[in-house]
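The values are calculated or read from the model by the stated rules, or taken from the named source; none is laboratory data. Every value quoted in this text rests on a predicted model; they were computed, and no experiment measured them. Cβ: placed from backbone, ideal geometry, glycine included. Neighbour counts: every protein chain shown. Surface areas here come from the heavy atoms of the whole protein model, side chains and all, with no ligands, DNA or RNA. Shrake-Rupley method; radii C 1.70, N 1.55, O 1.52, S 1.80 Å.
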Amino acid sequence: MKGLLLLYRDFRLEDQTALFKALEETDELAILWIYDEKEEGIPWALRATSHGLRTRLTAFWHFNELLKTIGHQAFLVVGTYKEVLAALRQQVYPYDAIYFNRFYDHAGKAIEAEAAATGARVCPHEDIMIFRPSEILKKDGTSYQMFTPYYRQWLDRFIRTPVSGEKPELQIRAKSAGVTSASLTHVLEPVSEIDLEPEHPVLKGGYSLMKSKWRTFLEDRLIKYSEHRDFPTLQGTSGMSVYLNTGMLSPRQFVSELIQYPGHEPLLRQYVWREFYMQLLSHHPHVLDSAMRPEYAGVRWETNPDYFEAWRQGQTGVPIVDAAMRCLNHEGRMHNRLRMVAASYLVKDLHVNWQLGEQYFFEQLADSEPALNNGGWQWSASTGTDAQPYFRVFNPWQQSLRYDEAATFMKMWLPEVRSAPAALFHKPDGLAVFGYPRVIADHGASVRMTKALYQEARQGYFSNKEDK
């Protein structure tokens, strides 16, 4: 049997379900990552400037190097799933079966639909969560929309059916299909290995450095996780999100190794937020395109493009927000506490549509992932399930004072005011005497406007429902 394995966010040789099954069950196997930019959500033209895409290209390269050690090779082709799958089968490689891991976002749904349309045997596998969306439901059979009860049932199920720490053995029956760049070039647009360079710094060292970092965190820093995780200068987080979200690290490996160490509960709880948002997307796919809570879909957003641009460039006059955004633009990283602060500022101080911020984070975060990114933004914008109430707004000055009191992080990314006293970083326009931009929005006035805008949207929505 001729098999085809489709890759997406599962770039690993260890504990990769669809890959293992394809290698075991087929006689020959071709391996492909089809980059359908419409479904992926990042234009291919941004590959040099998008940290999110660049990181995945680097992960793919590392994965391919491992594949070569077992006599196989993957190819990256740019095009639509429909066109590439049809051309491949008709003109290059007449595959009989398509293997893939199931994902719940736009790309995952498109892969499944277009694979079925080829007429080949379709072999989907569950791989990206410890428990499938259908395994954790309320008593009435519907999905959870509140995290805490979801987490309780997840934990109860996990205790009863713990994840095995044993890694499945790779059984290789399939030989490489012999598909080459030359054979693909005649009908498709394969991406050369040269185009995958340069390596994104976040994934420097590949799988070996990933394992080293994870071990160091577990042995040295996990015990202080709860105490340190909210402070951007303390390196209190695991740093594993980029590996989980590119698929270099399996969720089973992450969890099974985590629970071997004392004090793992707080990080396990944070991990379960990942599965919570993924199951939410599976049951409510519309969240990627609109507000989860329809009463907030009609908020009248600010249309001044200068506000979004100032936020994007780190020129809002709010040091903690500006430093966070400059770090994101330069490195593709942003501490989770700062993600909440920056998102809240864009939506509730500048009143810019949260979906613009969601897209920008998706393009620029090295660890971006559709369900988690959307869940985080809808939480900050109060449009999602189990979200922060709209009348609760992060005060960026209080946040910087609490989590970066000495301005260590801010001075790192705002060199023009590095010599300023730390106290001035926590006061509106405190740095103006050093030539730093003045704030573009008064926080108190913005909060009052936020409440008015959300109340207006709620009233309009429920009034229309009553009229109907």
Estimated Rh, segment 381-453: Kirkwood, alpha-carbon pairs, angstrom: 13.9 Å
Heavy-atom accessible surface of segment 80-229: percent carbon and sulfur, 1.4 Å: 50 percent
For segment 236-313, Kirkwood radius (reciprocal of mean inverse C-alpha pair distance, Å): 16.0 Å
Student exercise, segment 147-187 dipole from Lys, Arg, Asp, Glu Cβ charges, in Debye to nearest 20: 80 debye
Semi-axis lengths, Å, the chain, gyration tensor of Cα atoms, sqrt of 5 times eigenvalues: 39, 25, 24
Geometric extent, Cα atoms of segment 56-127 - Rg, Dmax (angstrom): 13.1, 33
Radius of gyration and Dmax over the Cα atoms of segment 167-221, both given in Å: 18.0, 53
Helix-only [θ]222 nm of the chain, DSSP H runs n ≥ 4, -39500 (n - 2.57) each, per residue, nearest 500: -13500 deg cm²/dmol
P(r) weight above 21 Å for segment 333-401, C-alpha pairs, percent: 17 percent
Per-peptide average of other Cβ atoms within 10 Å, ordering 235-243, 299-307, 370-378 highest first: 370-378, 235-243, 299-307
Debye log10 I(q)/I(0) at q = 0.15, 0.22 Å⁻¹ for segment 326-468, Cα point scatterers: -0.84, -1.44
q = 0.16, 0.20 Å⁻¹, segment 418-468: log10 I(q)/I(0) [Debye, one scatterer per Cα]: -0.61, -0.75
Peptides 151-162, 108-119 ordered by average Cβ neighbours within 10 Å, highest first: 108-119, 151-162
Where the Cα pairs of segment 6-49 fall when distances are cut into 5 Å bins, in %: 5, 18, 23, 19, 13, 12, 8, 2
For segment 240-283, alpha-carbon Rg over 2.2 N^0.38 Å: 1.19
Relative contact order (%) - segment 83-139, alpha-carbon pairs under 8 angstrom, separation at least six: 37 percent
Rounded tilt (10° steps) of 354-364 against the dominant C-alpha axis of the chain: 50 degrees
Dipole axis of the chain (+1 Lys, Arg; -1 Asp, Glu on Cβ), positive-most option in Thr246, Ala371, Leu67: Ala371
Expected-Rg normalisation [2.2 N^0.38 Å, Cα atoms] applied to segment 290-354: 1.16
Of the trypsin sites (Lys or Arg not before Pro) in segment 412-458, those whose Cβ has at most 16 other Cβ within 10 Å and which sit in DSSP loop: Arg418, Arg438
Per-peptide average of other Cβ atoms within 10 Å, ordering 185-191, 50-56, 72-78 highest first: 50-56, 72-78, 185-191
Carbon and sulfur %, accessible surface of segment 321-468 computed with the full protein complex present, 1.4 Å: 51 percent
The chain: relative contact order as a whole-number percent, Cα under 8 Å and 6+ apart: 17 percent
Linear extension gain, Leu46 paired with Ile223, 0.36 nm per residue minus alpha-carbon span: 59.8 nm
Largest-first principal axis extents, alpha carbons of segment 1-118, Å: 40, 32, 26
Accessible solvent surface per residue of segment 348-425, calculated while the other protein chains remain in place, 1.4 angstrom probe, Å²: 35 Å²
For segment 73-231, the fraction of alpha-carbon pairs in successive 10 Å shells from zero, as %: 7, 21, 30, 25, 15, 2
